[in-house]
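J.: My structure is below; once you've seen it, I'll send some questions.
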Amino acid sequence: MKEKKRTFYCSLDCFDNCSMIATVENDRIIKIEGNPEHPLTQGFVCGKGKKHLERVYHPDRIVTPKRKRNGRWIDISYEEALDEISEKLLSFKKAYGSESVLHFSSAGYGGISKSVDKMFFNYYGGVTTSIGNLCLGAGKEAQKIDFGDNRGHSPQDISNAKTIFVWGRNLADTNIHLMKYLVEAKKRGVPVYVIDPIKTNTAKMASKYIRINPGSDGALALGLAHHIIHHQLIDENFITKHVKGYEDYRAYVERFNLAYVEEITGVAKEDIINMAKDYAENKPATILLGYGLQRYRNGGNNVRAIDALGAITGNIGVRGGGINYYNKLIGNYIFSEVDKSEEIVPKRRTFIVGQVADFICNANNPPVKCLFITKANPLVQVGDVHKTIEAFKKVDFKVVIDLFMTDTAKHADLVLPATSILEEEDFIYSGMFSPYLNYSQKIIEPRNHIIGEYDLFRKLAKKMGLREYPDIDRETFFKRALEPLMKKFQVSYEYLKKNPFTIIEEDIPWQNGKFDTPSGKYELYSETAKNQGLSPIPIYIPVKEKDEKYPLRLLTPHPKHSLHSQHFAFEDSKPTAFINQHTLKKQGLMKDQLVKIQSKYGEIETHLEISNDVGDDTIMIYEGWWHKSGSVNMLISDEVSDIGNQAAYYESFCRINSIDE
Ligand SMILES: Nc1nc2c(c(=O)[nH]1)N[C@H]1C(S)=C(S)[C@@H](COP(=O)(O)OP(=O)(O)OC[C@H]3O[C@@H](n4cnc5c(=O)[nH]c(N)nc54)[C@H](O)[C@@H]3O)O[C@H]1N2
Ligand SMILES: Nc1nc2c(c(=O)[nH]1)N[C@H]1C(S)=C(S)[C@@H](COP(=O)(O)OP(=O)(O)OC[C@H]3O[C@@H](n4cnc5c(=O)[nH]c(N)nc54)[C@H](O)[C@@H]3O)O[C@H]1N2
Ligand SMILES: [Mo]
């Protein structure tokens, strides 16, 4: 039979949303490669993208509904599964109210068709849903305070920058299609600073690597501002016209002299001076801001302090400028049936996503009777895993939808299979970096007739008699969702199905000097923040200190070869903990040994590897490892940040012990 080539998009929770070509022979995919035609993908994709192939056909994939009976998994039919879910949901609602159901959802899949889970629970009556964030929440809310919304420049605009700060972002591993622009800029002689406590693969290509003490970025930003202000490097015109609260901010910045900032951050005075000069004089300057530095208790204020640098130097609203963190570009023009259902939901109760365990343990009015988990692996990805496992055990009925039997799925009572992106058509976009709306074709039929989430929730709604639930086919759902975008930019549905779409008119945010804040200006001083009980201006809040018992800071950034836990599924070895020579010696340990890493919350076994890329008194272990290997979040508390209830994963301390102790 003839080969067929079809285009699909990566559904992983990543910056790049890559376009890929699948080659199909006899209804089976034989190859996946990067799409050379896509403006961002440009023909190459990472190993994780290619692994969609291995995962779709993997023998361990869940392909039928499963019910746990007496501790053992039994395959059941869809009829049985949906009957039981329907009957349980209706009875919980009757006895305890719909809020006795807690829906936990994350970003395991990036297409719009699978957002119907939310819609289902809204029409069910409104359940307990999350607020806060595991990912980028502190920074996102901080930027909303400063700018009024989350907006970024187009990737191509980086070519216009004369100075680049990559601040707490490891794009060589997490955002590979941005790397090209950085390499090109460096070739042109543009100074590229990478600010990170770890000398990452990105830091290794920088023109200047700035090692910073974990969680001290706010102080560095305020120190840069101090130098900029004292050397008259500010953009007075921009400040007068577009900035609110400069005087209050300036007065606060006064105390951040070079010596003080060097002491807090570990960044040498000369480096601070050079950074300040380049950023304020060698313009336009852009900041590519990552998510690492906001996973601390001071995460939100760190981001506000960094944003402020753009405002005082006029590096905002200009080509080659910007503080690029999150970009709501496409999202602003999509309004689906799900969004509509959000508006009519009669009631809802909320929990802080990173603190689901405490919520379950303390909820009594009503208690949590049912946990429904979609697109998420919380028993690996949230802080304090042991506490979370215990909390989950208290819940009567737990349902998980996933492709594989994850650590979370293992704790469920009923597991439903999920389709792969290769098995359904969808539109994919994200706010992280790629500014494109992409149509992903269905490549093959779902394995074993798996019912995808779009049809599954529609069936369930019908069975349960949720009459308002939109009984519409997928195409109608897509068309309604895309209507605002199609109208505004005069594009047809057929066009969107054939071409990646971006909004060229909005490639440089805030160009007109009008911000979405209450004052219409950039807000160094924010009443919104004040009304939330926060400091109205960005401030430096110190991070947690190590203690005698747990003297090592534990950093757990994102792994190159896995998207969180997903690609650790078939990895049976123990994690590797990276430590520098000096710290290793101080701990009285030897190279390459198997050790226990212990914290107040638990312990895991790891291999030790010496790496001088890691700073002193620090241990780095990539996140994502499954329980069978040892999950880092077993060691981590469920504390949250100052702004946005962001999980403060990197406020963690540990110690090393040899295995026999
Ligand atoms: N390969 C791969 N790619 C991914 C993901 C993945 O799991 N694997 N996940 C995706 C998702 S969901 C996200 S949110 C993004 C995250 O993308 P990134 O933000 O690039 O990655 P992170 O690992 O979250 O953290 C970035 C960097 O912050 C640094 N960091 C930690 N603490 C501090 C600090 O106090 N100050 C400073 N300046 N830096 C600090 C870390 O050392 C790390 O190098 O990546 C996406 N892409
Ligand atoms: N220690 C530490 N912990 C962290 C972080 C950190 O830096 N350090 N980073 C945090 C960040 S940035 C994030 S975003 C979170 C991520 O947290 P999660 O989103 O929970 O992480 P994943 O491991 O990607 O789990 C997603 C699950 O969705 C499943 N899935 C994939 N496609 C589908 C589908 O179509 N339908 C359904 N129902 N399921 C599907 C996958 O198989 C996978 O099991 O983790 C956070 N955890
Ligand atoms: Mo994330």
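The values are calculated or read from the model by the stated rules, or taken from the named source; none is laboratory data. Note that this is a predicted model, so its numbers are computed, not measured. Please note: Cβ atoms are built from the backbone with ideal geometry, for glycine as well, and neighbour counts cover all protein chains shown.
J.: Looking only at segment 531-580, count how many residues are outside any loop (DSSP other than H, G, I, E, B), within 16 Å of ligand 3 (Cβ to nearest atom) and of a type in the set (S, T, N, Q).
T.: 1
J.: Right, next: I need a count of the residues in segment 573-614 that are of a type in the set (Gly, Ala, Ser) and under 20 Å from residue 649 (Cα atoms). Working first, answer last.
T.: Step one: of segment 573-614, the residues of a type in the set (Gly, Ala, Ser) are 573, 577, 588, 599, 602, 611.
Filter once more, so that each one left must be under 20 Å from residue 649 (Cα atoms): 577, 599, 602.
So the count comes out to 3.
J.: Right, another one. Against the conditions (1) more than 24 Å from residue 435 (Cβ to Cβ); (2) within 16 Å of ligand 3 (Cβ to nearest atom), where does residue 135 fall short? Just the number, please.
T.: Only one criterion is unmet by residue 135, namely (1).
J.: Turning to a different aspect of this structure: Restricting to segment 130-151, name every residue that is touching a strand residue (DSSP E or B) at 6+ places or on another chain (Cβ under 7 Å) and away from ligand 2 (no atom under 15 Å from the Cβ).
T.: Scanning segment 130-151 gives 131, 145, 146, 147.
J.: Next question, about the same structure. Which residues, counting only those in segment 422-438, are crowded, with 24+ Cβ neighbours inside 10 Å, more than 16 Å from ligand 1 (Cβ to nearest atom) and not in a loop (DSSP other than H, G, I, E, B)?
T.: If the condition is that a residue be crowded, with 24+ Cβ neighbours inside 10 Å, more than 16 Å from ligand 1 (Cβ to nearest atom) and not in a loop (DSSP other than H, G, I, E, B), then 422, 426, 437, 438 are the ones that fit.
J.: Right, something else. Out of 36, 59, I need the residue that is exposed (fewer than 12 other Cβ atoms within 10 Å of the Cβ), modelled with pLDDT of 95 or more and closer than 24 Å to residue 496 by Cα. Which one? Spell out how you get there, then give the answer.
T.: On the way: 59 fails: closer than 24 Å to residue 496 by Cα.
Being exposed (fewer than 12 other Cβ atoms within 10 Å of the Cβ), modelled with pLDDT of 95 or more and closer than 24 Å to residue 496 by Cα holds for just one of 36, 59, which is 36.
J.: In addition: Return yes when residue 7 is at pLDDT 95 or above, away from ligand 3 (no atom under 16 Å from the Cβ) and touching a Gly at 6+ places or on another chain (Cβ under 7 Å) and no when it is not. Reasoning before the result, please.
T.: Working: at pLDDT 95 or above: yes; away from ligand 3 (no atom under 16 Å from the Cβ): yes; touching a Gly at 6+ places or on another chain (Cβ under 7 Å): no.
Taking the combined requirement at face value, the residue does not satisfy it.
J.: Okay, next question. Go through segment 341-363 and give me each residue that's modelled with pLDDT under 95 and not acidic (Asp, Glu).
T.: Scanning segment 341-363 gives 344, 345, 346, 347, 348.
This table checks each residue for (1) in contact with a Gly (Cβ under 9 Å, 6 or more places away or on another chain); (2) part of a loop (DSSP other than H, G, I, E, B); (3) under 26 Å from residue 242 (Cα atoms); (4) not aliphatic (A, V, I, L, M).
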position	(1), (2), (3), (4)
108	no, yes, no, yes
113	yes, no, no, yes
120	no, no, no, yes
140	yes, no, yes, yes
143	no, no, yes, yes
149	no, yes, yes, yes
158	yes, no, yes, no
173	no, no, no, yes
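J.: Among the residues of segment 39-56, which ones are buried (at least 16 other Cβ atoms within 10 Å of the Cβ), farther than 13 Å from residue 22 by Cα and within 16 Å of ligand 2 (Cβ to nearest atom)?
T.: Within segment 39-56, 46, 48, 55 qualify.
J.: Does segment 381-388 include one or more residues that are on the phi > 0 side of the Ramachandran plot and surrounded by 20 or more Cβ atoms within 10 Å (Cβ to Cβ)? Let's see the steps before the verdict.
T.: Narrowing segment 381-388 to residues on the phi > 0 side of the Ramachandran plot: 384.
Still in the list and also surrounded by 20 or more Cβ atoms within 10 Å (Cβ to Cβ): 384.
For segment 381-388, residues on the phi > 0 side of the Ramachandran plot and surrounded by 20 or more Cβ atoms within 10 Å (Cβ to Cβ): present.
J.: Also, quick follow-up: Just need a number here: residues in segment 559-618 that are of a type in the set (Asp, Glu), farther than 27 Å from residue 205 by Cα and modelled with pLDDT of 95 or more.
T.: So the count comes out to 2.
J.: Please work out if residue 343 is within 30 Å of residue 252 (Cβ to Cβ), without any contact (Cβ under 8 Å) to a residue 60 or more places away in the chain and among the acidic types (Asp, Glu). Before you say what the answer is, go through the steps one by one.
T.: Values: within 30 Å of residue 252 (Cβ to Cβ): no; without any contact (Cβ under 8 Å) to a residue 60 or more places away in the chain: yes; among the acidic types (Asp, Glu): yes.
The answer is no for residue 343.
J.: Could you say which residue among 307, 278, 271 is farther than 30 Å from residue 125 by Cβ, away from ligand 2 (no atom under 16 Å from the Cβ), of a type in the set (Asp, Glu) and touching a Pro at 6+ places or on another chain (Cβ under 7 Å)?
T.: Numbers: 307 fails: touching a Pro at 6+ places or on another chain (Cβ under 7 Å); 271 fails: touching a Pro at 6+ places or on another chain (Cβ under 7 Å).
Answer to the check: 278.
J.: Right, another one. Out of 327, 332, I need the residue that is more than 29 Å from residue 63 (Cβ to Cβ), within 16 Å of ligand 3 (Cβ to nearest atom) and within 24 Å of the chain's Cα centre (by Cα). Which one? Before the answer, list the steps.
T.: Values: 332 fails: within 16 Å of ligand 3 (Cβ to nearest atom).
Checking each option against the conditions leaves just 327.
J.: Related question: Kindly indicate whether residue 594 is more than 30 Å from residue 131 (Cα to Cα), more than 15 Å from ligand 2 (Cβ to nearest atom) and in contact with a His (Cβ under 7 Å, 6 or more places away or on another chain).
T.: Details: more than 30 Å from residue 131 (Cα to Cα): yes; more than 15 Å from ligand 2 (Cβ to nearest atom): yes; in contact with a His (Cβ under 7 Å, 6 or more places away or on another chain): yes.
Against the criterion (more than 30 Å from residue 131 (Cα to Cα), more than 15 Å from ligand 2 (Cβ to nearest atom) and in contact with a His (Cβ under 7 Å, 6 or more places away or on another chain)), residue 594 qualifies.
J.: Considering only residues that are in a helix (DSSP H, G or I) and within 21 Å of the chain's Cα centre (by Cα), which ones fall in segment 371-397?
T.: First pass over segment 371-397, keeping only residues in a helix (DSSP H, G or I): 378-381, 385-393.
378, 379, 380, 381, 385, 388 - these are the residues of segment 371-397 that are in a helix (DSSP H, G or I) and within 21 Å of the chain's Cα centre (by Cα).
J.: If you check every pair at least six apart or on different chains, which have Cβ atoms under 7 Å apart with a residue in segment 501-520 that is farther than 20 Å from residue 431 by Cα first and a residue that is at pLDDT 95 or above and of a type in the set (Asp, Glu) second?
T.: These pairs meet every condition: 518/527.
J.: Sticking with this one: Go through segment 510-547 and report how many residues are at pLDDT below 95 and in contact with a strand residue (DSSP E or B) (Cβ under 6 Å, 6 or more places away or on another chain).
T.: Residues flagged as at pLDDT below 95 and in contact with a strand residue (DSSP E or B) (Cβ under 6 Å, 6 or more places away or on another chain) within segment 510-547 amount to 1.
J.: Given the conditions (1) crowded, with 24+ Cβ neighbours inside 10 Å; (2) under 30 Å from residue 368 (Cβ atoms), and given that residue 117 satisfies all but one, which numbered condition is not satisfied?
T.: (1)
J.: Right, something else. Looking at segment 122-141, which of the residues that are aliphatic (A, V, I, L, M) and more than 13 Å from residue 303 (Cβ to Cβ) is farthest from ligand 1 (Cβ to nearest atom)? It would help to see each step written out before you state the result.
T.: Within segment 122-141, the subset aliphatic (A, V, I, L, M) is 127, 131, 134, 136, 138.
Still in the list and also more than 13 Å from residue 303 (Cβ to Cβ): 127, 131, 134.
Numbers: 127: 24, 131: 18, 134: 8 Å.
Ranking the qualifying residues of segment 122-141, first place goes to 127.
J.: Give segment 460-488 a look and list any residue that's within 19 Å of residue 85 (Cβ to Cβ) and surrounded by 15 or more Cβ atoms within 10 Å (Cβ to Cβ), or say none.
T.: 460, 461, 463, 464, 466, 469
J.: Continuing with this model, one more query. Just to check your reading of the model, which residue among 113, 154, 159 is at negative phi, within 16 Å of ligand 2 (Cβ to nearest atom) and among the small types (Gly, Ala, Ser)?
T.: So the residue among 113, 154, 159 that is at negative phi, within 16 Å of ligand 2 (Cβ to nearest atom) and among the small types (Gly, Ala, Ser) is 113.
J.: Restricting the first residue to segment 121-143 and requiring it to be more than 25 Å from residue 539 (Cβ to Cβ), which pairs with a second residue that is within 12 Å of ligand 2 (Cβ to nearest atom) and in a helix (DSSP H, G or I) meet a Cβ separation below 6 Å and a spacing of at least six or different chains?
T.: 130/353
J.: Within segment 616-637, can one find any residue that is within 16 Å of ligand 3 (Cβ to nearest atom), under 20 Å from residue 302 (Cα atoms) and buried (at least 23 other Cβ atoms within 10 Å of the Cβ)? Quick ask: steps written out before the conclusion?
T.: Start the filter on segment 616-637 by keeping residues that are within 16 Å of ligand 3 (Cβ to nearest atom), which leaves 622-624, 632-633, 636.
With the extra rule that they be under 20 Å from residue 302 (Cα atoms), the set shrinks to none.
Scanning segment 616-637, I find no residue that is within 16 Å of ligand 3 (Cβ to nearest atom), under 20 Å from residue 302 (Cα atoms) and buried (at least 23 other Cβ atoms within 10 Å of the Cβ), so the answer is no.
J.: In segment 581-592, how many residues are part of a loop (DSSP other than H, G, I, E, B) and surrounded by 13 or more Cβ atoms within 10 Å (Cβ to Cβ)? Full working, then the answer.
T.: Within segment 581-592, the first condition is being part of a loop (DSSP other than H, G, I, E, B), and the residues that meet it are 587-592.
Then keep just the ones that are surrounded by 13 or more Cβ atoms within 10 Å (Cβ to Cβ); that gives 587, 589.
Qualifying residue count for the region: 2.
J.: Additional query: Kindly list the number of the only condition in (1) within 16 Å of ligand 3 (Cβ to nearest atom); (2) in contact with a Ser or Thr (Cβ under 7 Å, 6 or more places away or on another chain); (3) of a type in the set (S, T, N, Q) that fails for residue 150.
T.: (2)
J.: Look at residue 399 and say whether it is surrounded by 21 or more Cβ atoms within 10 Å (Cβ to Cβ), in contact with a Cys (Cβ under 9 Å, 6 or more places away or on another chain), closer than 22 Å to residue 107 by Cβ and modelled with pLDDT of 95 or more.
T.: Details: surrounded by 21 or more Cβ atoms within 10 Å (Cβ to Cβ): yes; in contact with a Cys (Cβ under 9 Å, 6 or more places away or on another chain): yes; closer than 22 Å to residue 107 by Cβ: yes; modelled with pLDDT of 95 or more: yes.
It is true that residue 399 is surrounded by 21 or more Cβ atoms within 10 Å (Cβ to Cβ), in contact with a Cys (Cβ under 9 Å, 6 or more places away or on another chain), closer than 22 Å to residue 107 by Cβ and modelled with pLDDT of 95 or more.
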